[in-house]
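Q: The following block contains the structure, expressed as structure tokens.
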């Protein structure tokens, strides 16, 4: 029973830690499926987290925070789009630039506005997306196993968590069951086919990066308004890159993306749980090793176990008409 | 008097300093097949891309069915009933046939109903025009002939009355091309107007009603096909008289320079592509290998030239054995006097982003004359390239130009110059004139005959039966990986055709 309780706790924190990854990876999925590689997920998430923290601190409303985060992330996504779609620039360079801008400007603006060393003020409960108790969570708490699963694992997360999980089937549906999705997938594979079919390549790709902006905004909001009570500098801590790894790992497909993010979240939760306690046989595991595990896993698994991850064929290549 | 489907008036288009189209007038009658012929780079594709709204003309006007039309995007052209089958297919490789057909013409925002509607409409089109394709097949699993059919279905699904086909037979086998022509005839019967862009004179004569000739961005002439001849069209295209028949004297074969015995080669999937093939090529003769594409010719060439390992068999080059199953590598074979003009100049023969002078010696770059100690001798390389440009009439005569910017014919001349100027004993040539214009074909054929007359052993593989027949001193026919027959150059097209189709030796002889 004690082991079961520990397991539930680890799984519960797995969910919490997976959500920013999941939102960011789904964000990347829209952009990359349209043929625009986005290494700037990290930066957009960070800027979103800051905007959410700042707006929530000023207005006292979590929803205002979410709106501000989406706004700023969409803005940065459009900058990336302008550089890589309209001006046909190098998508990696543009993405890296956005990461630097976000890392630097959030600290500068944070210090200038709130004077707390780059943080935003600590937020009260109403200005955050708090835990939602699902109906009957308290009532069934004492039912063995199922009760605990329901009340601990399924209930008690923020609105953004439930939204993130709902976005998985929604994204699948958009991608494979709508006209927009068909065109989005096509433009990432062969933009010339879309162009000659009489559909604007640029407009499609812009819509895709806007989706990316909205979702990275949500991911950032989750970090500063749900997981924490305010913005802390560099709080994304490489999650944008792990999300990219998850996206590749999952071969740019929505449902596998969810499982990849849950796996990486689990590794993270497990690392926190065993910190300081020696494992049987191997002894003390350095925390750095556990942090590196998602990346190691991606490389190892992609190298042989799950076959080649074929990115969208036109990914990373600006569309230029022949000649 | 037939109705006019399309009229172009004074169309001009420049890309930077290059005038792709100059003041072009063209009238296309409804319900006809209209051929547009010209050498590579004459501006045919540009003109059609303007008609399809892919490019915008700098000047000029387009009338469709007698009314002035503003075609600024492909969707404008589609709305006017114009469809286009591009030279490089505009298909999404990992989509199904159905998804490709509806892309851009889906109707509603949700796919369920549009897919169902497309499926029944596609079935009707397939029935009406004999264009069978499995609607759920994935494009990358389909052979090119069927992919092209999907492109035609795409245009018909959008309600095209005017169908433009850009070099449609470049990727097809002769049988597939014949099938395509039957489909085009049928579309014409149904009242569709067809514009066929090609540089193959034979296709123009076989299928078109009218033909327009383009040269260097201008429209030089329009004729009724019945009232013109291959010779006249060739002269109009090139701007001078062209010899369509190669002139060559008797061959005087000497000793065997290349001998292949019991060669067996498998492809990357493990399928036997070359099955126990033996052949000899003597000094001073051209041996042609005829066959429909995909019957093992490519793998045979790859194995002989050391690009691909053979499973079993022996090869001797000028009396010396070559270890094909193991260590033979192309550099070693080159050093021993085997030159190779690969079938695919874009992916194998040339590095397109390189300057011309770099490609003109690539593969021979270890030779002392191109080196200066451990470094490349840039001056010597460029001087060598200029010499080849002069001798092979490569245009434009600029050895610093990026290779991708040369036309197909001139790119092929770069490869030929590189290989022939090494003075090899044995020359292996694959598809020497694929995608090459008439003027350059004449030149390339003459050079090959010259090589033969200088006492080289030439092994020629081509899917162009005319080319094989006019150049070869002996013809071997390959079918399903085996050599199924040997004939002299006097063998009739019909006889060779039967062998190529796999009809047994005895039956073919009767």
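Q: Mind pulling the angle between the C-alpha long axis of helix B:174-189 and the longest principal axis of chain B? Nearest 10 degrees, somewhere in 0 to 90.
A: The angle comes out near 10 degrees.
Q: Which whole-number percent gives the relative contact order of chain A, counting Cα pairs below 8 Å spaced six or more residues apart?
A: Across chain A, relative contact order equals 35 percent.
Q: Would you mind computing, in nm to one decimal, how far apart the modelled labels at residue B:88 and residue A:143 are, each placed 7 Å from Cα along Cα→Cβ?
A: 6.1
Q: With a cut-off of 8 Å between alpha carbons and a minimum separation of six or more residues, what is the relative contact order of the stretch B:226-364 in percent?
A: Taking the mean separation of contacting Cα pairs over the length of the stretch B:226-364, I get 19 percent.
Q: Here's another thing I want to ask about it. Within the stretch B:4-238, what percent of beta bridges assigned by DSSP are antiparallel, to the nearest 5?
A: On the way: 23 of 42 bridges.
Once the DSSP bridges in the stretch B:4-238 are tallied, antiparallel ones form about 55 percent.
Q: Tell me the label-point distance for the pair residue A:63, residue A:176, using the 7 Å Cα-to-Cβ offset, in nm and rounded to one decimal.
A: Spacing of the two 7 Å Cα→Cβ label points: 3.5 nm.
Q: Rounded to the nearest 0.05, what FRET efficiency do residue B:311 and residue B:241 give with R0 = 41 Å and r taken as the Cβ-Cβ distance? Could you check?
A: According to the calculation, E is roughly 0.25.
Q: Follow-up. How shielded is A:183-194 by partner chains, expressed as the average number of their Cβ atoms within 10 Å of its Cβ atoms? Could you put the intermediate results ahead of the total?
A: Working: counts 3, 0, 5, 8, 2, 1, 6, 10, 2, 7, 13, 5.
Average neighbour count from other chains, rounded to a whole number: 5.
Q: To test your reading of the geometry: what angle, between 0 and 90 degrees and rounded to tens, separates the Cα axis of helix B:438-453 from the longest principal axis of chain B?
A: Once rounded, one gets 10 degrees.
Q: Kindly state, to the nearest 0.05, the FRET efficiency for residue B:224 paired with residue B:423, given R0 = 45 Å and r defined as their beta-carbon distance.
A: Details: r = 49 Å, r/R0 = 1.09.
Efficiency at R0 = 45 Å is approximately 0.35.
Q: Per DSSP helix of 4 or more residues, -39500 (n - 2.57); summed, then divided by the residues of the protein assembly as shown. What does that give at 222 nm, rounded to the nearest 500?
A: Numbers: 28 runs with 365 residues, N = 833.
For the protein assembly as shown, the value works out to -14000 deg cm²/dmol.
Q: Separate question: Over the whole of B:105-111, what's the average partner chain Cβ count within 10 Å per residue? Rounded to a whole number, please.
A: The per-residue average across the peptide is 4.
Q: Another question about this same structure. Label residue B:123 and residue B:76 with points 7 Å out from Cα along Cα→Cβ: what is the distance between them in nm?
A: So the label points at residue B:123 and residue B:76 sit 3.9 nm apart.
Q: Another question, if that's okay. Shape verdict for the protein assembly as shown, please, from the Cα gyration tensor: rounded (a/c under 1.5), prolate (a/b greater than b/c) or oblate.
A: Prolate.
Q: Tell me, in nm to one decimal, what length is gained between residue B:293 and residue B:134 on full extension, where the rule is 0.36 nm per residue of separation less the Cα-Cα distance?
A: On the way: separation 159, 0.36 × 159 = 57.24 nm, distance 2.33 nm.
Full extension of this stretch gives 54.9 nm more.
Q: For residue A:90 and residue B:490, what does the FRET efficiency come to when R0 = 35 Å and r is the distance between their Cβ atoms, rounded to the nearest 0.05?
A: The pair residue A:90/residue B:490 has a calculated efficiency of 0.05.
Q: Quick one: length gained pulling residue A:131 to residue A:105 fully straight, 0.36 nm per residue minus the C-alpha distance?
A: 6.3 nm
Just so you know, all these numbers are worked out from the coordinates, no wet-lab data involved. Source: prediction; values computed, not measured. All Cβ positions, even for glycine, are placed from backbone atoms using ideal geometry, and neighbour counts span all protein chains on display.
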